[in-house]
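Q: Structure in structure tokens, see below.
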Amino acid sequence: MNVNERNTPMNDAETPLLEIRDLAITFDTSNGPVNAVRNAHLTIMPGETVAIVGESGSGKSTTALSAIGLLPSNGRVSGGQILFDGEDITHASEKRIIELRGNSIGMVPQDPMSNLNPVWKIGFQVKETLKANGLAGANSKDRVAEVLAEAGLPDAAARAKQYPHEFSGGMRQRALIAIGLACRPRLLIADEPTSALDVTVQRQILDHLDTMTTELGTAVLLITHDLGLAAERAEKVVVMYKGQVVESGPALEILRNPQHPYTQRLVNSAPSLSSRRLQSEKSKTAETQLTKPAVVAAPVATADDHIVQVSNLTKVFKIRGALGKSTDFKAVDDVSFDVKRGTTMAIVGESGSGKSTVAQMALSLLTPTEGNIKFDGVDVTSLRGKALFDFRRRVQPIFQDPYGSLDPMLNIYRTIEEPLKIHKIGDSKSREKKVRELLDQVSMPAATMHRYPNELSGGQRQRIAIARALALNPDLIICDEAVSALDVLVQAQVLNLLAELQEDLGLTYLFITHDLAVVRQIADNVTVMQKGRVVESGTTDEIFANPSQSYTQDLLNAIPGATLLA
Amino acid sequence: MVMFAFRRFLQLIPVFFGATLLVYFLVFATPGDPIAALSGGKPMAPAVEAALRAQYNLDQPFWIQYGLYLKNLVTLNLGQTFSGQEVSAVIARAYPVTARLAIMALAIEAIFGVLFGVIAGLRKGKLFDSTVLVASLVVIAVPTFVLGFVLQLVVGVKLGWARPTVSGAAPWNELILPAVVLGLVSLAYVIRLTRTSISENMNADYVRTATAKGLSRRRVVVVHILRNSLIPVITFLGADLGALMGGAIVTEGIFNVPGVGNLLYKAILKGESATVVAVVSILVIVFVVANLIVDLLYAWLDPRIRYV
């Protein structure tokens with residue numbers, strides 16, 4: 001014991017609150033054991049915030065959850081030690097772990113939608129936490145309201161009597177924070193606590209969590225995929241890659257001076273830290289050789305060559321209310337914008353802002369209630385039969401979820417070939433040639449064509465979705481949150497690919513996203529939407545340099561870590 | 001919740017009228033003349049025939065007849081059997097027997113089905129789970145009449161633990177064996193449904209969160225897994241209650257249980273339309289009420305339903 005302590009690098013005499021040494025975690029799968037985590041090291045001092053950063057599958061959540069014995073049933077700690085306040089809890093009894101949970105180590109989970117039991121009232125779920133840890137006295141009802149109010153839930157006493165489905169995502173996350181901190185644990189494990197929320201809500205919640213844990217002196221183990229966010233919120237950052245800790249140290253140091261190649265890549269591609277629009281490799285070299293930026297501008301045609309003109313677009317949905325009465329809901333309200341040929345227009349907004357409804361109308365999947373969308377000068381809603389079929393060839397979508405948008409029963413070849421077949425382009429031989437070309441364009445090996453979507457990773461699937469969209473040589477591609485579901489590095493790759501393709505093929509993008517950091521990298525023009533209306537629009541540089549609306553300002557401020565490297 | 005129950009209750013009214021109308025129309029449209037059947041196919045004096053038609057309102061148009069039938073149904077004036085007994089009295093004698101049988105069968109299904117299902121679900125892939133799965137598959141695959149006769153022979157005749165057939169009064173203890181036969185098939189379904197539901201919910205995020213709060217294993221299972229898992233099971237049990245209350249023709253036949261299933265079967269064979277219409281109408285009501293109970297239970301278990 002003494003030897004170990006001497007070997008552990010420690011600045012002061014204090015015992016670390018949580019110390020993970022040489023941790024190895026193994027999952028028993030049908031294909032034999034898989035080492036999910038190897039040699040993980042981590043030290044959290046009392047009151048300190050430490051972030052684990054990594055992409056999905058890096059083992060960051062697994063490492064954190066092992067500390068409170070919440071590994072999935074096929075997972076086990078196969079080596080190393082977990083010390084909580086000096087006590088070895090690596091193989092602690094079930095009873096001891098249950099004692100620690102809630103009381104000493106709390107947790108705030110990732111997805112507020114699925115982490116509250118839908119059949120119990122919020123108050124009940126808070127109260128049972130207090131009860132299980134012996135903190136529910138005679139006035140437990142007041143205590144529940146107190147805890148909820150602390151977490152920033154307005155009108156907490158009344159809210160406690162409601163069910164989770166009556167809460168918004170942000171409110172649910174506040175309830176989960178209340179549960180996590182209800183018993184005043186000394187350590188809080190926050191597993192991507194805000195990644196499922198809108199950016200502005202994200203910021204409020206994180207700020208609140210910060211204030212609370214500082215006040216209570218709670219140490220926080222923050223798990224995130226966003227390096228910017230980690231650097232902004234934590235004192236120390238631990239970077240994990242493929243189950244191993246590749247780098248750890250003070251947050252700003254890692255951000256400014258990353259040592260490990262993976263961390264360097266992560267820092268370079270973190271969208272929240274990037275400050276300029278992506279250009280293809282080709283045009284970058286052109287830029288350095290000619291030192292003449294005017295040449296590298298995207299093939300922007302004359303000023304009035306608008307491929308898409310949206311004017312006074314309005315969409316009203318009827319919502320079924322009580323007793324058969326229906327109320328009108330204006331999802332899109334008097335929206336107008338133009339998209340120049342060969343450029344990227346980003347529509348930004350939070351969930352519920354109506355941005356995806358605009359995209360669906362632009363794809364002619366929904367009919368506008370009022371106003372119109374002109375594609376190449378022709379009103380989209382007036383298109384019928386052959387003209388509509390032709391429109392569908394020229395406008396292609398890429399959707400958010402690459403897991404959901406590819407048919408699992410079709411192999412990659414048939415997925416990409418299908419649009420060609422439907423539009424009767426070429427014979428089977430020329431189509432196969434075209435599929436090979438397309439796969440090459442999106443940097444996928446030709447052998448991929450015999451595989452199925454479930455055999456590919458998320459990034460690879462999104463490449464296939466892009467190849468499918470490109471198959472018909474479209475003029476306009478509508479990307480509805482096309483990179484939101486991807487890990488940071490993969491996101492950067494896909495965005496680069498889109499930028500290159502735009503340059504080579506003169507594509508126009510209509511880019512729907514909630515993420516302003518992504519907008520910065522891909523868009524020429526931005527339209528900001530809030531509650532169905534356009535609140536601001538302009539070129540990307542204008543909007544970022546000088547946002548005139550407070551809402552846009554909020555969105556910009558909400559990008560985590562934006563100010564750290566400036 | 002009260003509002004939901006009230007709205008759901010109002011929905012019963014069109015269902016009741018729709019179902020009874022359909023039943024009555026089907027009997028009305030059945031080929032064959034009941035008066036001719038009454039006389040055994042022999043010629044009848046026209047005056048007598050007309051008098052009989054008037055007595056049974058058969059000379060009235062369909063809507064009037066339907067109205068009279070509804071009125072009789074509400075006032076429980078259900079007509080007479082061929083042997084001159086009041087149909088309402090016959091049903092009053094048979095129904096308690098079927099109800100006893102149904103309640104016992106349902107209890108067997110619910111108690112053992114949920115119990116075995118929960119254990120199998122919590123220990124997925126272990127010995128208990130596999131054994132129960134194979135056994136339930138066998139029970140589902142074997143037809144009820146085979147199961148019924150085998151149990152009757154083994155338990156009733158060879159071992160002598162129970163009476164092979166039920167006596168006229170059909171007391172609770174004599175109905176145990178038929179109830180077991182009746183419940184076994186549904187029991188297998190309940191086990192499988194519960195097991196799947198439990199093992200799905202075990203991996204739900206909110207269960208992990210509940211564990212992280214420091215709850216005991218027992219509380220996590222009972223409060224967080226069980227309630228959520230019972231929702232589909234309740235739906236199945238409710239539909240099954242309706243079916244069981246309708247009488248089990250095969251099982252009641254094997255054990256000679258004097259219940260509704262037996263009564264209906266014999267009435268159909270004899271062509272006693274008064275009995276058939278009365279029994280079927282009451283079954284409709286029972287079924288509708290059973291479904292109402294399921295819906296209310298469902299809403300009680302899952303608060304999200306109440307506001308739809």
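Q: Determine whether A:V119 is within 14 Å of chain B (Cβ to nearest Cβ) and either over 27 Å from A:S195 (Cβ atoms) or in a helix (DSSP H, G or I) (or both). Talk me through it step by step, then tell me what you get.
A: Values: within 14 Å of chain B (Cβ to nearest Cβ): yes; either over 27 Å from A:S195 (Cβ atoms) or in a helix (DSSP H, G or I) (or both): no.
It is false that A:V119 is within 14 Å of chain B (Cβ to nearest Cβ) and either over 27 Å from A:S195 (Cβ atoms) or in a helix (DSSP H, G or I) (or both).
Q: Under 25 Å from B:I13 (Cβ atoms) and in contact with an Asp or Glu (Cβ under 9 Å, 6 or more places away or on another chain): is that true of B:G238 in this structure? Steps first, please.
A: On the way: under 25 Å from B:I13 (Cβ atoms): yes; in contact with an Asp or Glu (Cβ under 9 Å, 6 or more places away or on another chain): yes.
Answer is yes for this residue.
Q: For the stretch A:94-121, what are the residues that are at pLDDT 90 or above and among the hydroxyl-bearing types (S, T, Y)?
A: Once the filter is applied, which keeps residues that are at pLDDT 90 or above and among the hydroxyl-bearing types (S, T, Y), the stretch A:94-121 yields only A:S104.
Q: In this structure, does A:L507 turn out to be surrounded by 21 or more Cβ atoms within 10 Å (Cβ to Cβ), hydrophobic (A, V, I, L, M, F, W, C), in the same structural domain as A:G538 (by the TED database) and more than 20 Å from the chain's Cα centre (by Cα)? Break it down into steps so the answer makes sense when it comes.
A: On the way: surrounded by 21 or more Cβ atoms within 10 Å (Cβ to Cβ): yes; hydrophobic (A, V, I, L, M, F, W, C): yes; in the same structural domain as A:G538 (by the TED database): yes; more than 20 Å from the chain's Cα centre (by Cα): yes.
So A:L507 passes the test.
Q: Follow-up. Kindly provide the set of residues from the stretch B:210-243 that are in contact (Cβ under 8 Å) with a residue 60 or more places away in the chain, touching a Phe, Trp or Tyr at 6+ places or on another chain (Cβ under 7 Å) and facing chain A (nearest Cβ under 10 Å), ordered by number.
A: Residue satisfying the conditions is B:I231 alone.
Q: Separate question: Has the stretch B:273-288 got at least one residue that is touching a Pro at 6+ places or on another chain (Cβ under 8 Å), assigned to a loop (DSSP other than H, G, I, E, B) and touching a residue at least 40 places away in the same chain (Cβ under 8 Å)?
A: no
Q: Take the residues of the stretch A:459-485 that are free of Cβ contacts under 8 Å to residues at least 60 places away in the same chain and within 21 Å of A:T263 (Cα to Cα): which is farthest from the chain's Cα centre (by Cα)?
A: Restricting to residues being free of Cβ contacts under 8 Å to residues at least 60 places away in the same chain and within 21 Å of A:T263 (Cα to Cα), the top hit is A:G459.
Q: Can you pull out every residue in the stretch A:46-71 that is in a loop (DSSP other than H, G, I, E, B) and aliphatic (A, V, I, L, M)?
A: Taking the stretch A:46-71 as the starting set, the residues that turn out to be in a loop (DSSP other than H, G, I, E, B) are A:46-48, A:54-59, A:67-71.
A:A67, A:I68, A:L70, A:L71, listed by residue number.
Q: Quick check on the stretch B:60-100: of everything there that is under 25 Å from the mean Cα position of the chain (by Cα) and of a type in the set (K, R), which residue is surrounded by the most Cβ atoms within 10 Å (Cβ to Cβ)?
A: B:R100
Table: residues versus (1) of a type outside the set (G, A, S); (2) over 30 Å from B:W300 (Cβ atoms); (3) modelled with pLDDT of 75 or more; (4) outside any loop (DSSP other than H, G, I, E, B).
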| residue | (1), (2), (3), (4) |
| --- | --- |
| B:F4 | yes, no, yes, yes |
| B:I35 | yes, yes, no, yes |
| B:P43 | yes, yes, yes, no |
| B:V48 | yes, yes, yes, yes |
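Q: Have a look at A:A175, A:A230 and point out the one that is out of contact with any Cys (no Cβ under 6 Å at 6 or more places or on another chain), within 30 Å of A:Q530 (Cβ to Cβ), within 12 Å of another protein chain (Cβ to nearest Cβ) and assigned to a helix (DSSP H, G or I). Spell out how you get there, then give the answer.
A: Working: A:A230 fails: within 12 Å of another protein chain (Cβ to nearest Cβ).
Only one candidate qualifies: A:A175.
Q: Tell me, please, whether a residue that is in contact with a helix residue (DSSP H, G or I) (Cβ under 7 Å, 6 or more places away or on another chain), part of a helix (DSSP H, G or I) and within 11 Å of another protein chain (Cβ to nearest Cβ) can be found in the stretch A:180-195.
A: The answer is no; no qualifying residue exists.
Q: When you check B:S229 against the structure, is it farther than 21 Å from B:E174 by Cα, buried (at least 17 other Cβ atoms within 10 Å of the Cβ), more than 18 Å from the chain's Cα centre (by Cα) and among the polar types (S, T, N, Q), yes or no? Step through it out loud before you land on a result.
A: Details: farther than 21 Å from B:E174 by Cα: yes; buried (at least 17 other Cβ atoms within 10 Å of the Cβ): yes; more than 18 Å from the chain's Cα centre (by Cα): yes; among the polar types (S, T, N, Q): yes.
Spelling it out, B:S229 is indeed farther than 21 Å from B:E174 by Cα, buried (at least 17 other Cβ atoms within 10 Å of the Cβ), more than 18 Å from the chain's Cα centre (by Cα) and among the polar types (S, T, N, Q).
Q: Out of curiosity, is A:K374 touching a helix residue (DSSP H, G or I) at 6+ places or on another chain (Cβ under 9 Å) and of a type in the set (K, R)?
A: Working: touching a helix residue (DSSP H, G or I) at 6+ places or on another chain (Cβ under 9 Å): yes; of a type in the set (K, R): yes.
Yes: the conditions hold for A:K374.
Q: In addition: When the residues of the stretch A:55-110 are filtered to those that are within 11 Å of chain B (Cβ to nearest Cβ) and over 17 Å from B:T209 (Cα atoms), which remaining residue is surrounded by the most Cβ atoms within 10 Å (Cβ to Cβ)?
A: Applying the filter and picking the extreme gives A:N74.
Q: Condition first: in contact (Cβ under 8 Å) with a residue 60 or more places away in the chain and either buried (at least 18 other Cβ atoms within 10 Å of the Cβ) or among the basic types (K, R) (or both). Now tell me which residues in the stretch A:26-42 satisfy that. Explain how you work it out, then say what you get.
A: Residues of the stretch A:26-42 that are in contact (Cβ under 8 Å) with a residue 60 or more places away in the chain, as a first pass: A:35-42.
Residues satisfying the conditions are A:A36, A:V37, A:R38, A:A40, A:L42.
Conditions tested, residue by residue: (1) under 27 Å from the mean Cα position of the chain (by Cα); (2) in a strand (DSSP E or B); (3) farther than 15 Å from A:R186 by Cα; (4) at pLDDT 90 or above.
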{"site": "A:P9", "(1), (2), (3), (4)": "no, no, yes, no"}
{"site": "A:T15", "(1), (2), (3), (4)": "no, no, no, no"}
{"site": "A:A24", "(1), (2), (3), (4)": "no, yes, yes, yes"}
{"site": "A:N35", "(1), (2), (3), (4)": "yes, yes, yes, no"}
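Q: All but one of (1) at the interface with chain A (Cβ under 9 Å from one of its Cβ atoms); (2) out of contact with any Gly (no Cβ under 8 Å at 6 or more places or on another chain); (3) closer than 23 Å to B:L133 by Cβ; (4) among the aliphatic types (A, V, I, L, M) hold for B:M202; which doesn't?
A: (2)
Q: Still on this structure: Pick out the one residue from B:V289, B:V294 that is crowded, with 16+ Cβ neighbours inside 10 Å and either more than 14 Å from chain A (Cβ to nearest Cβ) or over 11 Å from the mean Cα position of the chain (by Cα) (or both).
A: On the way: B:V289 fails: crowded, with 16+ Cβ neighbours inside 10 Å.
Criteria check complete, one pass: B:V294.
Q: Can you tell me which residues in the stretch B:166-199 are out of contact with any Leu (no Cβ under 7 Å at 6 or more places or on another chain), over 16 Å from B:L106 (Cβ atoms), surrounded by 14 or more Cβ atoms within 10 Å (Cβ to Cβ) and of a type outside the set (G, A, S)?
A: Result: B:E174, B:R192, B:R195, B:T196.
Q: Still on this structure, please answer the following. Among the candidates A:Q173, A:Q162, A:Q110, which residue alone is without any contact (Cβ under 8 Å) to a residue 60 or more places away in the chain and of a type in the set (S, T, N, Q)? Break it down stepwise before answering.
A: On the way: A:Q173 fails: without any contact (Cβ under 8 Å) to a residue 60 or more places away in the chain; A:Q110 fails: without any contact (Cβ under 8 Å) to a residue 60 or more places away in the chain.
After applying the criteria, what remains is A:Q162.
The values are calculated or read from the model by the stated rules, or taken from the named source; none is laboratory data. Bear in mind that the values here come from a model prediction, so they are computed numbers and not experimental data. Note that we place each Cβ from the backbone using ideal geometry, even for glycine, and neighbour counts take in every protein chain shown.
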